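A short worksheet on the structure shown next.
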Amino acid sequence: MDESGKAPLIELRDIYKIYYMGDEEVHANDGISLSIYKGEFVAIVGKSGSGKSTLMNIIGALDVPTDGEYYLGGEDVSDMTDNQLAEIRNRMIGFIFQQYNLLPKLNLLENVELPLLYAGVDAAERKERALNSLERVGLKEKWKNFPNQLSGGQQQRVSIARALAGDPSLILADEPTGALDSRTGREVLDFLKKLNKEGNTIVMITHDNSIALEAERVVRIIDGKINFDGDVKEYAAII
């Protein structure tokens with residue numbers, strides 16, 4: 001609990017992720033404890049090989065830790081089965097990927113509907129919610145278009161609409177500007193900030209300090225450990 005008595009949305013307690021390479025133990029995450037609260041915009045920053053992607057996979061319920069506890073919305077994710085992980089991902093997490101991960105043979109509406117289809121939402125509600133999500137990212141009029149008819153920035157906005165469609169507790173953005181030019185990347189970052197102001201909890205993974213500075217709080221990972229966790233202004237002063 002924080003000072004106001006709120007339970008964290010994300011709570012990691014002494015998380016380890018250990019890989020074995022021959023006789024060698026590699027600690028990708030080495031005793032990470034972290035709490036993130038509803039409505040925060042947090043950047044997790046680290047160089048390649050720092051352990052940030054491993055941590056993202058655990059936060060995103062794409063993997064489970066070797067040791068330690070992870071609670072998402074009060075549910076213990078630490079030792080869930082693959083089916084349980086898939087269920088909690090679909091119910092609680094909206095993903096935004098660097099490469100968009102849109103299906104080329106589906107139009108924009110069908111792409112945005114996908115998580116709702118997996119969740120068993122009926123066709124009429126799926127369409128309504130998907131169109132509302134596309135409207136939020138300014139692409140409702142293009143719902144019949146296919147991904148290859150859009151610019152990179154527009155495709156990333158479709159992936160944001162897909163992440164929003166299921167009304168997730170957490171939006172997890174993995175290098176969301178990595179495939180974009182600087183101007184389009186700025187538009188996507190501004191949109192993430194707008195979503196955060198609307199109350200969405202956003203965790204953004206990045207290797208780039210200048211991108212991390214767009215968040216409100218920065219968590220820096222070095223060699224599998226948290227090296228810094230604090231306000232973005234404090235972080236700007238030390239880099």
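The values are calculated or read from the model by the stated rules, or taken from the named source; none is laboratory data. Note that the structure is predicted; figures quoted are calculated from it, not measured. Don't worry about glycine lacking a Cβ; one is built from the backbone with ideal geometry, like all the others, and counts go over all protein chains shown. These accessible areas exclude ligands, DNA and RNA; they are computed on the full protein's heavy atoms, side chains included. Shrake-Rupley method; radii C 1.70, N 1.55, O 1.52, S 1.80 Å.
In table form, for the structure just shown:
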item	result
Nearest-ten-degree value, helix 82-92 long axis tilted from longest Cα axis of the chain	60 degrees
Most to least packed among 230-239, 163-172, 31-40 [average Cβ atoms within 10 Å]	163-172, 31-40, 230-239
Debye, to nearest 20: dipole size of segment 167-239, +1 on Lys, Arg Cβ, -1 on Asp, Glu Cβ	140 debye
Estimated 222 nm signal from helices in the chain, with DSSP H stretches of n ≥ 4 weighted -39500 (n - 2.57), rounded to 500	-10500 deg cm²/dmol
Nearby lysines by direct alpha-carbon distance to K17 (threshold 18 angstrom, same-chain neighbours under 8 apart not counted)	K47, K52, K225
Rounded percent of accessible protein surface that carbon and sulfur make up, the chain, 1.4 Å probe	47 percent
Leading residue at positive end of dipole, the chain (Cβ point charges), from P147, L114, N90	P147
Magnitude of the charge dipole, segment 84-239, Cβ model with Lys/Arg +1 and Asp/Glu -1, debye to 20	320 debye
Cross-link partners of K140 among lysines (Cα-Cα below 25 Å; sequence separation of 8 or more within a chain)	K105, K127, K193, K194, K197
Accessible area (Å², per residue) of segment 118-202, counting only protein heavy atoms and a probe of 1.4 Å	48 Å²
